[in-house]
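Structure first, commentary second.
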Amino acid sequence: MSCVPEDHNCNLHREPGLLPLLTWTSLPPIDPKTPLWVRFKRRLRELMLLSPEHPDTGTYFKSFAQVANENKRLIENYPAWTIHPLSLFRKYWDLVMFVVSLVHLTLLSFVVSYLIYMDVAYFPAIIQFDVILCIILATEVVMKFFTGFVVEYSKEIVLEPGRIVWNYLKSFRVLYELLGVLPYIVLLYKFDECYYKSDQLFYLVSVICLYIIHIFRFREINRYFEVIPKFSQASANKIKVMNLIIATTYVLHWTSCIASIIPMLAFYSSSEEELPKWNDTEYLIGNFLVDMYWVRNREQAGAGYLVDRQRSMMTGGDFESFRQFLRSSKEVVARSMDYRFLLSKLDDTYRNETLLEQYLRSMMDTIQVALVSSHVETTGPQATHTIMTMYVVMAGWVWLTYILLEMIRIVIAHDLSETKYDEIVNELKAFSHRKKLGEESKDKILRHFFNRYKMRYFDEEAIQNTISNNLRRSIRMETCQHLVKNVELFRNLPHALIEEIVDRLKLEAFLENDVIIQADTFGDAMYFIASGTAAVYSVGGKELGHLTDGAHFGEISLLQKDQKRTASVIALEACEVYKLSYADFQLLIEPHSNLLRQMQKLADERLAKVQGVRDKVSEEEVYENFLQ
């Protein structure tokens with residue numbers, strides 16, 4: 001949403017040392033000599049108010065005046081700590097929350113799943129960094145108790161503290177979010193100990209619980225992310241596609257992480273009687289990986305964690321012998337494990353693969369299982385456990401079905417008005433390219449279309465042709481009656497005539513710096529500003545005042561067609577203006593000769609104030625007469 005254009009040097013209400021009296025914040029002017037702390041609090045207060053720079057402001061507020069009135073409502077009726085959902089603070093905070101949430105959830109799943117391969121010396125720094133992220137996430141939970149919200153179906157902005165708190169508590173969402181921001185990463189040392197101490201059941205249950213708690217938080221990530229593409233006015237369909245890509249990547253990452261660690265933990269949580277032994281000894285093949293990682297990643301042969309069994313002291317030859325035993329062994333216990341997974345982990349160690357290489361291989365294997373679910377036997381070494389394989393296969397089905405349905409919804413069922421809007425935008429771009437228009441003209445066409453339809457196209461003429469005349473007039477009266485009821489010339493007109501006048505109004509759209517009327521030209525219409533802000537200039541070019549929502553001008557032109565305009569009106573932002581032409585008004589008023597004479601008399605009296613003594617009338621008086 002645009003505010004007053006940068007090249008508009010407003011000379012109204014300016015006094016030495018003071019800012020303009022009227023701003024979009026509706027806050028009183030502040031003296032530059034004000035102490036720094038007070039100025040800081042003032043700036044913080046401005047950040048918490050509704051801002052024209054928020055990408056969603058234009059959806060709910062069409063003009064500078066509406067923004068100012070909304071901020072006036074917030075300042076006068078609600079506590080100072082109330083944050084408007086469309087404020088600059090929320091705009092930048094949502095960007096921060098998108099990055100923090102994404103980093104936190106990505107880091108948590110990766111570290112918990114691959115900590116057994118990491119150097120323990122890195123644990124303190126990882127824990128400290130994640131705790132900082134959790135503090136920021138917890139701040140967001142608290143902040144939601146002070147941030148208003150939008151009721152989508154009614155476009156209502158709710159700022160009442162009681163309704164904000166109740167809306168947040170009634171769905172128990174706050175409890176789920178509190179579970180999600182707890183610093184589970186402080187358990188790294190505990191998980192590491194559990195793995196190498198043969199107490200993997202606690203580790204296994206914890207990983208599953210973490211997955212259940214966090215896997216659905218991608219919806220919150222998508223909500224924060226939507227602020228970014230809206231800066232460039234991306235269409236709803238494009239935002240939906242980008243959300244699907246982010247969500248798919250997020251779910252794939254988490255699934256790849258748990259698909260790497262859960263089967264290993266499941267091996268050692270199984271009954272020992274179900275696991276095959278190596279070379280008829282008491283040594284369980286499921287324990288070999290623990291001992292192998294103990295020596296390789298913890299660089300210890302026998303010291304450190306104590307277990308209730310003998311640790312392996314295998315040499316290089318024993319290691320190769322063990323690999324050959326697994327490759328040729330017929331003792332595969334299908335209920336508990338698939339030896340191919342163990343072979344893949346042995347091969348990773350044998351090839352000395354890095355952590356990144358192991359992660360990428362796990363991701364590729366997860367994709368393979370999800371996509372070739374009808375050929376589970378050929379899914380490779382990642383099909384390590386019956387339950388895990390079933391989960392990945394079912395998750396693949398569900399997610400692919402979800403993506404398919406969403407894409408169908410985008411193409412067919414998702415808000416046809418938005419789809420049509422995107423189609424016409426593409427046509428406008430093609431038109432601009434075909435006509436070889438400059439970037440400025442192309443941008444102006446697109447902005448004009450955006451301000452007219454707000455990313456939802458509709459054929460107003462076709463809609464009106466489908467409804468009755470009475471219904472059409474009722475709709476017009478509901479949307480435009482407030483524009484004409486305060487016009488002095490119309491006060492004595494009957495209601496039926498007012499309905500006729502409203503029905504003849506024609507909507508026109510102007511962009512910033514567009515001339516609505518020009519001084520010293522002959523007037524042939526009256527104008528009503530439905531939304532937007534315009535500046536009034538004298539014939540000499542002096543700025544006389546501003547017109548905002550509900551203002552009207554040019555009514556003398558309905559009665560005196562040969563009269564010249566006494567001032568120019570130029571749009572300062574995107575304006576929606578209704579126009580009533582001289583010809584339409586004369587056609588409507590002609591049967592009411594008495595009313596016409598009364599209106600003509602009033603118009604003559606107002607013209608007499610200026611004409612004849614024009615040189616003695618100040619520009620300010622011309623402006624006052626112009627607004628009457």
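Assorted remarks:
- Legend: calculated FRET efficiency, Ile132 to Asp56, from the Cβ-Cβ distance at R0 = 30 Å, rounded to 0.05, equals 0.55.
- For Lys506, the lysines whose Cα comes closer than 16 Å to its Cα, not counting residues fewer than 8 places off in the same chain, are Lys579.
- Lys564/Asn77 FRET efficiency (R0 45 Å; Cβ-Cβ; nearest 0.05): 0.50
- Put a dot 7 Å past the Cα of Asp524, heading toward its Cβ, do the same for Ser232, and the two dots end up 4.4 nm apart.
- Candidate cross-link partners of Lys601 among the lysines, defined by an alpha-carbon separation under 17 Å and a same-chain spacing of 8 or more, comprise Lys561, Lys609.
- Residues whose amide H falls under 5 Å from that of Ala525, counting only those 5 or more places apart or on a different chain, are Tyr582, with hydrogens built in the peptide plane.
- Relative protection proxy for 112-124, 563-575, 143-155, from highest mean packing down: 563-575, 112-124, 143-155 (other beta-carbon atoms within 10 angstrom).
- Scalar couplings 3J(HN,Hα) for the range 159-175, obtained by applying the Karplus form with A = 6.51, B = -1.76, C = 1.60 to θ = phi - 60°, are 10, 5, x, x, 5, 5, 5, 5, 4, 7, 8, 5, 9, 6, 5, 5, 5 Hz; x denotes Gly and Pro.
- Efficiency of FRET from Cβ geometry, Arg173 and Met118, R₀ 30 Å, rounded to 0.05: 0.35
- Relative contact order of the range 122-203, defined on C-alpha pairs under 8 angstrom at six or more residues apart (%): 32 percent
- Chymotrypsin sites (Phe, Trp or Tyr not before Pro) restricted to the range 447-488 and DSSP loop, no more than 14 other C-beta within 10 Å: Phe458
- Taking label points 7 Å from Cα along the Cα-to-Cβ direction, Leu95 and Thr34 give a separation of 2.5 nm.
- Cross-linked pairs Lys41/Lys155; Lys240/Lys454; Lys238/Lys429: Cα-Cα separations exceed 21 Å for Lys41/Lys155.
- Long pairs among Lys62/Lys144; Lys442/Lys542; Lys33/Lys144; Lys33/Lys62, criterion Cα-Cα beyond 28 Å: Lys442/Lys542; Lys33/Lys144; Lys33/Lys62
- Ranked by the mean number of other Cβ atoms within 10 Å of their residues, highest first, the peptides 475-484, 100-109, 25-34 come out as 100-109, 475-484, 25-34.
FYI, it's all coordinate maths here, none of it is from the lab. All of these numbers come straight from a predicted model, not from anything done at the bench. Cβ sites come from the backbone with ideal geometry, for glycine too, and all protein chains shown count toward neighbours.
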